[in-house]
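All remarks here apply to the structure that follows.
Values quoted throughout were computed directly from the atomic coordinates according to the rules given, and no laboratory measurement underlies them. Computed from a predicted model, the values in this text were never measured in an experiment. Note: ideal-geometry Cβ built from the backbone for every residue, glycine included; neighbour counts use all protein chains shown.
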Amino acid sequence: MTIAGCERDLPICPIDEHLDIAGFVMLGDVEITEKTAKALLEKCPEHDVVVTAETKGIPLCYEMARQGCRRYIVARKSVKAYMRNPIHVEVKSITTDHVQKLYLAEDDYKGLNGKRVLIVDDVISTGESLAAMEDLVKQFGGNIVGRACVLAEGDAADRKDIIYLEPLPLFTK
Ligand SMILES: O=P(O)(O)OC[C@H]1O[C@H](OP(=O)(O)OP(=O)(O)O)[C@H](O)[C@@H]1O
Ligand SMILES: Nc1ncnc2[nH]cnc12
């Protein structure tokens, strides 16, 4: 599958036969990150800051901020010593079998109040990670103006409030 004018094929592979879902990883691919960030920005509303969750959303989020609003925030999955006054929400993503936590530190969230926030991720599947990020952003007064990803699968691909480039193909056995 090619996407957003990238020369190379996106590697799509089965990640869970029972759930019938496919996986792709853009982490480590500069061309896909640059081109998908550009194509996605063209579909997104005006915003002040882009927010994502660690890990695989980070390059996309950074690249969208680099090409656009210049500001991005990453919700972390663990607390580091330098993170002051961290706040967390819980999330269970489709790719993991345990509950994860997403943290924002004071240096991140104090700038969110009143800002137009675009939430981005590489893939949205169940929407649990997205909902957790929304929760964090809203707690600190951010105004969510868009929800964007490169690939959406399942219910996420049917949601009218999610902006995406392609539906993620289901893995067929
Ligand atoms: O809509 P959902 O069911 O929540 O799935 C989407 C999330 O799952 C993946 O991350 P993952 O939790 O695998 O973590 P990683 O990026 O750290 O690998 C993906 O990057 C999204 O963040
Ligand atoms: N199908 C998928 N759902 C959620 N996150 C993913 N990351 C890679 N593939 C994914």
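Quick notes on this one:
- Residue-count net charge about Gly111 - beta-carbon cut-off 14 Å; Lys, Arg +1, Asp, Glu -1: +2
- Gaussian network model of the chain, springs between alpha carbon atoms under 10 Å - residue of Leu151, Leu136, Leu19 with greatest fluctuation: Leu19
- Other residues lying with their Cβ under 11 Å from the Cβ of Val49 contribute a combined charge of +2, Lys and Arg counting +1, Asp and Glu -1.
- Proxy reagent accessibility, fewest Cβ within 10 Å first, across Glu42, Glu31: Glu42, Glu31
- Summed residue charge, Cβ within 10 Å of Ala148's Cβ, Lys/Arg positive, Asp/Glu negative: +1
- Percentage of interatomic Cα-Cα distances in segment 22-109 larger than 17 Å: 56 percent
- Dipole magnitude for the chain: computed about the Cα centre from +1 point charges on Lys and Arg Cβ and -1 point charges on Asp and Glu Cβ, it is near 720 debye.
- Once you reduce segment 81-124 and segment 137-173 to the center of their Cα atoms, the two points are 16 Å from each other.
- Here the Gaussian network model covers the chain, with springs between Cα atoms less than 10 Å apart; of Met133, Met83, Met26, Met83 fluctuates the most.
- The chain, relative contact order [Cα under 8 Å, separation at least 6], %: 22 percent
- Note on the chain: Kirkwood hydrodynamic radius from all Cα pairs is 16.2 Å, rounded to one decimal.
- Global geometry of segment 92-173, whether rounded, prolate or oblate, following the gyration tensor of its Cα atoms and the 1.5 cut on a/c: oblate
- Expected 222 nm ellipticity per residue - DSSP helices of 4 or more, -39500 (n - 2.57), all of the chain, to 500: -7000 deg cm²/dmol
- Among the listed pairs Lys38/Lys77; Lys43/Lys115; Lys101/Lys138; Lys115/Lys160; Lys77/Lys160, those beyond 21 Å (Cα-Cα): Lys38/Lys77; Lys115/Lys160; Lys77/Lys160
- Cα coordinate range in segment 35-82, projected on the principal axes (Å, largest first): 37, 19, 14
- Each DSSP beta bridge with both residues in the chain is either parallel or antiparallel, and the antiparallel ones are about 30%.
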